[in-house]
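Visitor: After the structure tokens below, expect a handful of questions from me.
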Amino acid sequence: MRLWVTGYRSYELSIFNDQDPKQTVIKQAIKNSLQEYLDRGLTWVLTGGQLGVEQWTVQVVHELQADYPELKVAMLLPFADFGNNWRPEKQAQLLTLKEQADFLGEVSRQPYRAPQQLKNWQNFMLQHTEAAVMVYDPEHPGKSKFDYQAAMKYQEKNDYQLETLDMFTLQDTADLMAEEQLLD
């Protein structure tokens, strides 16, 4: 089974450093979801390289591989020069994650030219996975709404599962993490 994981950019969640507790909660929610899919035969996680959920997903899969060595992560970028206009520290972070990926590729080998490349990337991700997990809440739209809408439309004609980790899910995850800390 192959799973597409995407969601909010870090800045859309006002997360600007790795010590932000919101990032810890989101990574735990992603981990919880991936563990459920592992029980159902998950072998590949496909994601992009966007700052935020996509990069955190690569980190989560990398951590899970200690217990699930059969689990692989593919980082598929929408175009050739992806991330080249980012600040140097963000480019370095992307490079590190590229090295952690089991597979690295670009859907378009051309530098960014038009929004169609992003639509082509969405279609590629949908056609090469059986399900998607999106850290996304339709009541709090962000750039991920385009991925969400594409997945919803794809579901109309295809047997495709879409799971959203919305604000309620993230709050439940935070509450459970707080309870576990109290018990420790």
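A short reminder: the numbers here are calculations on the coordinates, not readings from a lab. Since this is a predicted model, take the numbers as computed values, not measurements. Reconstructed Cβ throughout: ideal geometry from the backbone, glycine too, with neighbour counts over all protein chains shown.
Visitor: Have a look at Gln35, Gln93, Gln19 and tell me which one the Gaussian network model of the chain (Cα, springs below 10 Å) gives the largest fluctuation.
Guide: Gln19
Visitor: Okay, next question. Using the Cα centre as the reference, give the magnitude of the dipole from point charges on the C-beta atoms of segment 26-118 (Lys, Arg: +1; Asp, Glu: -1; all else neutral), rounded to the nearest 20 debye.
Guide: Working: 9 positive and 11 negative charges, 69 e Å.
Dipole size: approximately 340 debye.
Visitor: OK, next. Pull up the DSSP beta bridges for segment 2-183 and report the antiparallel fraction as a percent, rounded to 5.
Guide: Counting DSSP beta bridges with both partners in segment 2-183, the antiparallel share is about 5 percent.
Visitor: With unit charges on the beta carbons (Lys and Arg positive, Asp and Glu negative) and the dipole taken about the Cα centre of the chain, which residue among Leu176, Ala132, Leu34 sits farthest to the positive side?
Guide: Result: Ala132.
Visitor: Hey, another quick one. Extending each Cα 7 Å along its Cβ direction at Lys145 and Lys22, get the distance between those two points in nm, one decimal.
Guide: Inter-label distance under the simple model: 1.8 nm.
Visitor: Can you sort Tyr160, Tyr37 from fewest to most other Cβ atoms within 10 Å of each residue's own Cβ?
Guide: On the way: Tyr160 17, Tyr37 21.
With the fewest neighbours first, Tyr160, Tyr37 line up as Tyr160, Tyr37.
Visitor: With each label point set 7 Å from Cα along the Cα-Cβ vector, what nm distance links Asn120 and Met167?
Guide: Label-label distance for Asn120 and Met167, simple model: 3.7 nm.
Visitor: Step through the table entries Lys98/Lys153; Lys22/Lys153; Lys22/Lys157; Lys22/Lys143; Lys90/Lys119, compare each Cα-Cα distance with 27 Å, and write down the pairs that go over it.
Guide: Lys98/Lys153; Lys22/Lys153; Lys22/Lys157
Visitor: Lys/Arg Cβ at +1, Asp/Glu Cβ at -1, dipole of the chain taken about the Cα centre: which of Asn84, Gln23, Ala74 is farthest positive-ward?
Guide: My answer, from the dipole projection, is Asn84.
Visitor: I need to check one value: relative contact order of the chain, counting alpha carbon pairs closer than 8 Å and at least 6 residues apart, in percent.
Guide: RCO, the chain: 26 percent.
Visitor: Out of Gly83, Gly142, Gly41, any idea which swings most in a Gaussian network model of the chain, alpha carbons joined below 10 Å?
Guide: Highest fluctuation of the listed residues: Gly41.
Visitor: Ranking Thr24, Thr129, Thr96 by Cβ neighbours within 10 Å, fewest first, what do you get?
Guide: Least to most surrounded, the residues fall as Thr96, Thr24, Thr129.
Visitor: Further question: Please find the FRET efficiency linking Asn32 to Arg109, where r is the Cβ-Cβ separation and R0 is fixed at 35 Å, and quote it to the nearest 0.05.
Guide: Approximately 0.50, to the nearest 0.05.
Visitor: Further question on the same structure: Sorted by mean Cβ packing within 10 Å, highest first, what order do the peptides 98-104, 164-170, 76-82, 49-55 take?
Guide: Ranking the peptides 98-104, 164-170, 76-82, 49-55 by packing returns 49-55, 76-82, 164-170, 98-104.
Visitor: Something else now. Can you compute the charge dipole magnitude of the chain about its Cα centre, using +1 on each Lys and Arg Cβ and -1 on each Asp and Glu Cβ, nothing else charged? Give it in debye, rounded to the nearest 20.
Guide: The dipole magnitude comes to about 1060 debye.
Visitor: State, as an integer percentage, the relative contact order of segment 77-132 based on alpha-carbon contacts under 8 Å between residues 6 or more apart.
Guide: 47
Visitor: Have a look at Glu12, Glu156, Glu106 and tell me which one the Gaussian network model of the chain (Cα, springs below 10 Å) gives the largest fluctuation.
Guide: Residue with maximal mean-square fluctuation among Glu12, Glu156, Glu106: Glu156.
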